[in-house]
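The values are calculated or read from the model by the stated rules, or taken from the named source; none is laboratory data. This is a predicted model, so every value here is computed, not measured. Note that each Cβ is placed from the backbone with ideal geometry, even for glycine, and that neighbours are counted across all protein chains shown.
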Amino acid sequence: MDHARQAPPAEQFETPACPLCGGNTATPFITAEDDLGGRPGRFHFARCDGCGLAYQTPRLRFEHIGGYYDDEYIAHRKKTDWGMLTPLYTWAMGKHDRDKLALVRRYQSLHAGSRVLDIGCGAGTFLARVKADTGAAACGVDFKDLSGLPWMADLEFRQGTLAEQDFGARRFDLITLWHFLEHDYTPLDTLARARDLLAPGGKLVIEVPRLDSVSFRLFQERWPGLQAPQHTMLFDAATLPRMLEKAGLRVSEHLPYGAFPAYFYLFCGLAFKLLRGRGLDLSKAIYPYFAGQLLLAPVLLFERRLNLAMQTVVCEA
Ligand SMILES: [Zn+2]
């Protein structure tokens, strides 16, 4: 793990306008640390006085954020050897992708002629699942190059930002943003571009953490959804649809849960409270993680009704 030992210097930060309404006055809201990576620095979120969006300000300039996406973030998806727990880990990761696919299939039928685009595709395992189960043509965009992973061979991978990609006349039946939008530096541009890339009848599915949720009330400044400094915005149930509508999208469904397991936020929130900014080594936490999941299983059965941590919207052009 590459741990910078000093907080980023002030000149690496910028003071953005509100990413939703462009306003320039905001009220301090909450301060976070890099609870997952354990790197130093305190990062501030404010609420826009105009539209109510919570966003990070000041924030690291885009060219300085890349280091926070290294290794511990994605390496865990590449790691396949977890000792005795390997089958359980493999099952859990596979389940996440199956849950994503099941969710989107409720709103869009996918078959061999369909086209799917995943923005912020990371290691691409979701797209591999889409391709294997539906036969759809699967394309992923991510600013980290993970195209060397074995299952990526069947997929179209494009490195860079969405704005840098030229799809010509190609349009997509399904575009997904799984925990991408809250990281974005130019969310309205991304959403407008995604809207233009939808085929007639196409659906855009977006999952982000939900600020007005049980897990935020429990953990506050240690809420995993703050994920500082990577998260540029914190959406609640009002500001997310407002941003989509501003980008010219029509919200047809808004769910108080996602495919991402809310339990991850419950576990990490508790761990972050105990560790107080020292960073969480997921490889050491794997036993307590699965043990806690077993203990909480009766509660998690009702995850979709409890507004624990996530929200998902389904949009049309
Ligand atoms: Zn605003």
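Being closer than 26 Å to His64 by Cβ and buried (at least 20 other Cβ atoms within 10 Å of the Cβ) is the requirement here; does Leu198 meet it? Considered against the rule, which asks whether it is closer than 26 Å to His64 by Cβ and buried (at least 20 other Cβ atoms within 10 Å of the Cβ), Leu198 comes out as no.
Kindly establish whether Phe157 is without any contact (Cβ under 8 Å) to a residue 60 or more places away in the chain, closer than 30 Å to Pro16 by Cβ, touching a Lys or Arg at 6+ places or on another chain (Cβ under 8 Å) and surrounded by 14 or more Cβ atoms within 10 Å (Cβ to Cβ). Criteria not met by Phe157.
Give Ala259, Ala247, Ala317 a once-over and let me know the one that is surrounded by 13 or more Cβ atoms within 10 Å (Cβ to Cβ), in contact with a His (Cβ under 7 Å, 6 or more places away or on another chain) and under 19 Å from Ala194 (Cβ atoms). Step through it out loud before you land on a result.
Working: Ala247 fails: in contact with a His (Cβ under 7 Å, 6 or more places away or on another chain); Ala317 fails: in contact with a His (Cβ under 7 Å, 6 or more places away or on another chain).
Result: Ala259 is the single residue among Ala259, Ala247, Ala317 that is surrounded by 13 or more Cβ atoms within 10 Å (Cβ to Cβ), in contact with a His (Cβ under 7 Å, 6 or more places away or on another chain) and under 19 Å from Ala194 (Cβ atoms).
Tallying residues that are in contact with a helix residue (DSSP H, G or I) (Cβ under 7 Å, 6 or more places away or on another chain) and surrounded by fewer than 22 Cβ atoms within 10 Å (Cβ to Cβ) within the stretch 44-53 yields 2. Among the residues making up the stretch 97-112, those that are part of a loop (DSSP other than H, G, I, E, B) and either in contact (Cβ under 8 Å) with a residue 12 or more places away in the chain or basic (Lys, Arg) (or both) are Arg106, Tyr107, Gln108, Leu110, His111, Ala112.
Scanning the stretch 11-43 for residues that are within 26 Å of Phe219 (Cα to Cα), within 16 Å of the ligand (Cβ to nearest atom) and surrounded by fewer than 18 Cβ atoms within 10 Å (Cβ to Cβ) turns up Thr27, Pro28, Phe29. For the stretch 44-62, a residue qualifies if it is near the ligand (Cβ under 9 Å from one of its atoms) and of a type in the set (Gly, Ala, Ser), and the qualifying residues are Gly50, Gly52. Selection over the stretch 242-262 of residues that are assigned to a helix (DSSP H, G or I), more than 15 Å from Thr176 (Cβ to Cβ) and touching a residue at least 40 places away in the same chain (Cβ under 8 Å) gives a count of 4. Among the residues making up the stretch 291-314, those that are part of a helix (DSSP H, G or I) and surrounded by fewer than 16 Cβ atoms within 10 Å (Cβ to Cβ) are Ala291, Leu294, Leu295, Ala297, Pro298, Val299, Arg304, Arg305.
Going residue by residue through the stretch 77-98, is there one that turns out to be of a type in the set (Ser, Thr, Tyr), at pLDDT 95 or above and at negative phi?
From the stretch 77-98, those of a type in the set (Ser, Thr, Tyr) are 80, 86, 89-90; that's our starting set.
Now drop any that are not at pLDDT 95 or above, which leaves none.
No, the stretch 77-98 contains no residue that is of a type in the set (Ser, Thr, Tyr), at pLDDT 95 or above and at negative phi.
In the set Phe29, Phe43, only one residue is at pLDDT 95 or above, more than 28 Å from Asp173 (Cα to Cα) and more than 20 Å from the chain's Cα centre (by Cα); that residue is Phe29.
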